[in-house]
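The values are calculated or read from the model by the stated rules, or taken from the named source; none is laboratory data. Here the structure is a predicted model, which means the values were calculated and not measured. With ideal geometry, Cβ positions are generated from the backbone for all residues, glycine too; neighbour counts draw on all protein chains shown. All accessible areas refer to the heavy atoms of the entire protein, side chains included, with ligands and DNA or RNA removed. Shrake-Rupley method; radii C 1.70, N 1.55, O 1.52, S 1.80 Å.
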Amino acid sequence: MIVRVLRARIRPGKVGAFNVLFRQQVPLLKEQPGLVYVKLARRLQPDGSEDVVLFEEWQDAYSLYAWVGADLMEPRLVPGSRELIDELIVAHYEALDKNTDDTATVDTTAHGDPFEPERAPPPNGN
């Protein structure tokens, strides 16, 4: 699996127009063969600007190239949205967890909770 992350910064006067346009990106992505997961999120800044993250998970490189084209660093965006973006970063990652089952749980009974620090046993074994 390949994870593709697009991060964008939108200046204050362009946030509303960008949001209207870019919300069209998710339904368009969901139509693409090989897309496993997509999430669009934003963080409003105190100065009125906005940071946006588009998180995509693709089942394989073939599917990703079919969507993006030959240059993976070139974002494929809804027409008109690029002009509203001040800064754009595209990054790709190899997914290390190959399990796509969202219901998977961590068994904490056998080895303890992996997110809890190990505790020394009580004195005298009590």
For region 23-60, name all the residues that are surrounded by 13 or more Cβ atoms within 10 Å (Cβ to Cβ) and among the hydrophobic types (A, V, I, L, M, F, W, C). Val26, Leu28, Leu29, Leu35, Val36, Val38, Leu40, Val52, Val53, Leu54, Phe55, Trp58
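Take region 1-30 and flag every residue that is charged (D, E, K, R), without any contact (Cβ under 8 Å) to a residue 60 or more places away in the chain and not in a helix (DSSP H, G or I). Don't jump to the end; show me each part of the working.
As a first pass, look at region 1-30 and keep what is charged (D, E, K, R): 4, 7, 9, 11, 14, 23, 30.
Going one step further and asking which of them are without any contact (Cβ under 8 Å) to a residue 60 or more places away in the chain, we end up with 23, 30.
Answer for region 1-30, where residues must be charged (D, E, K, R), without any contact (Cβ under 8 Å) to a residue 60 or more places away in the chain and not in a helix (DSSP H, G or I): just Arg23.
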Can you name the condition, by its number, that Ser63 falls short on among (1) among the hydroxyl-bearing types (Ser, Thr, Tyr); (2) open to solvent by less than 30 Å² (accessible area, probe 1.4 Å); (3) out of contact with any strand residue (DSSP E or B) (no Cβ under 8 Å at 6 or more places or on another chain); (4) free of Cβ contacts under 8 Å to residues at least 40 places away in the same chain? (3)
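Answer with yes or no whether Glu50 is out of contact with any Cys (no Cβ under 6 Å at 6 or more places or on another chain), modelled with pLDDT of 95 or more and under 30 Å from Gly13 (Cα atoms). Spell out the reasoning first.
Numbers: out of contact with any Cys (no Cβ under 6 Å at 6 or more places or on another chain): yes; modelled with pLDDT of 95 or more: yes; under 30 Å from Gly13 (Cα atoms): yes.
Considered against the rule, which asks whether it is out of contact with any Cys (no Cβ under 6 Å at 6 or more places or on another chain), modelled with pLDDT of 95 or more and under 30 Å from Gly13 (Cα atoms), Glu50 comes out as yes.
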Glu83: passes all of (1) open to solvent by 60 Å² or more (accessible area, probe 1.4 Å); (2) under 19 Å from Phe18 (Cα atoms); (3) touching a residue at least 40 places away in the same chain (Cβ under 8 Å) but (3)
